[in-house]
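A short worksheet on the structure shown next.
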Amino acid sequence: MNDYITQIRAQFPALEQQVYGKPLVYLDNAATAQKPLSVLSLLAEMEGKINGNIHRAVHYLSAQCTEQYESARRAVCRFIGAAHDHEVVFTSGTTAAINLVAFSFGEAFIKSGDVVLVGEAEHHSNIVPWQLMCARKGASVRVLPVDDHGKLRMDLLPSLLDGQVRLVAVSHIGNVLGVVNPVKEIVDMAHERDIPTLIDGAQGIVHEQIDVRDLNCDFYVFSGHKLYGPTGTGILYGKESWLERMPPWQGGGDMIASVSFGGSAYAALPLKFEAGTPNFIGQAGLGAAVGYAASLNRAEVEAHMRLLTQKGMALLQEIEGLRIFGTGIEDKIPLFSFSVEGVHAVDMATLLDKMGYAVRSGQLCAEPALARFGQTNLLRASFAVYNTQEELFGFVEALKKVILMLR
């Protein structure tokens, strides 16, 4: 086992447990990653000791929590290369961040007849919010297709970006195909036509080095729980020029400057979009997770993930009747979604679970992506930095045994 990966694994106590008497091999990281000790210890300290509502009181606990919350915002700002802290809005996750933009951007800038362009292999969270907004505004959703390898049809993009398109929303890395999309090229092409862009970075934030100013996207969104942080946490990065012109998504405490029955004035960014008591302990934990991710040796991690991708693709493609979706290697992360002829994905996942392997099966919250390839259910094994080659080899051997049992 790689010594550096061994050191990383030691920071994740969840990986040391057994299930059904077997060592846990956790391969559902695209859904939710495990948490390192630095995150767990901060969460425990705040839940049990430093717990006071933020922004609204002068007492010690409130001040401590406020500092943890705003320190997390600053950490995220540095991590993604944003120009200003106030361009970082806390949300409950990627889904909430996209819904926020869909509502607020839609209210301000979408009218009847307009179009939102999305990728064909998007997560439901980057489809349904746009459908809801378009239904409300009399607009429509247009689709940028993927080819048989799972790559976006970039050759079609210029013709799809006509005068009706008001926003392009695509994933950085697909949660089914594991393909790294050419998002900078998409952003540049959209901006040539004065069309803003939203990048769903739920998977991208984990596997790519993000610099939103270099990428030049208008919005970038991601969840904390995929980046070794708590559930119920997430980020909307938005360029100040857009956020200033967008109306609030929700009303309540902390998002106002003044309130009267004659009307209300909204708080400055980013609080304008953070109504109510936030998940301040969770967001502090997200700050700790970002700190942990930033501390990793980037070269070591990237080499390890490339190795897992290459070996995983090679080993899985040797299995008779197995079909992988998203077949590139150079532009792919170690996320493998596949079907096996004559075997149901849920049955495979159930037996693998009994052998200690945690994988995902079903529609993967991306029904249109599966439909594109004529599938209704897939099995997905997704690897994180703490997964080893030995776990990959063991998974492939276990999968072979499961397939023999079910055929």
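The values are calculated or read from the model by the stated rules, or taken from the named source; none is laboratory data. Since the structure is predicted, the reported quantities are computational estimates derived from the model, not experimental observations. Quick reminder, even Gly has a Cβ in these numbers, built from the backbone with ideal geometry, and neighbours come from all protein chains shown. SASA here: full protein model, heavy atoms, side chains in, ligands and nucleic acids out. Shrake-Rupley method; radii C 1.70, N 1.55, O 1.52, S 1.80 Å.
Things to note:
- Members of segment 55-73 that are under 23 Å from the mean Cα position of the chain (by Cα) and either free of Cβ contacts under 8 Å to residues at least 24 places away in the same chain or within 13 Å of GLU274 (Cβ to Cβ) (or both): TYR69, GLU70, ALA72, ARG73
- Residue count for segment 168-227, restricted to those that are charged (D, E, K, R) and under 11 Å from the mean Cα position of the chain (by Cα): 2
- Scope segment 83-99; condition open to solvent by 10 Å² or more (accessible area, probe 1.4 Å) and either of a type in the set (Gly, Ala, Ser) or in a strand (DSSP E or B) (or both); matching residues: ALA83, PHE90, THR91, SER92, ALA96
- Criterion violated by SER159 - all others in (1) touching a residue at least 24 places away in the same chain (Cβ under 8 Å); (2) open to solvent by 20 Å² or more (accessible area, probe 1.4 Å); (3) hydroxyl-bearing (Ser, Thr, Tyr) satisfied: (1)
- Of the residues making up segment 267-297, those that are of a type outside the set (Gly, Ala, Ser) and either on the phi > 0 side of the Ramachandran plot or touching a Leu at 6+ places or on another chain (Cβ under 8 Å) (or both) are LEU269, PRO270, LYS272, PHE273, ILE281, LEU286, VAL290.
- Tallying residues that are surrounded by 22 or more Cβ atoms within 10 Å (Cβ to Cβ) and assigned to a helix (DSSP H, G or I) within segment 100-121 yields 6.
- Flag for VAL19 being surrounded by 16 or more Cβ atoms within 10 Å (Cβ to Cβ) and modelled with pLDDT of 95 or more: no
- Test: residue in segment 276-292 that is open to solvent by less than 60 Å² (accessible area, probe 1.4 Å), farther than 23 Å from VAL76 by Cβ and touching a helix residue (DSSP H, G or I) at 6+ places or on another chain (Cβ under 8 Å): no
- Total residues in segment 263-275 satisfying the condition of being open to solvent by 20 Å² or more (accessible area, probe 1.4 Å), not small (Gly, Ala, Ser) and not in a helix (DSSP H, G or I): the figure is 2.
- Summed over segment 88-128, residues that are hydrophobic (A, V, I, L, M, F, W, C) and within 15 Å of the chain's Cα centre (by Cα) total 6.
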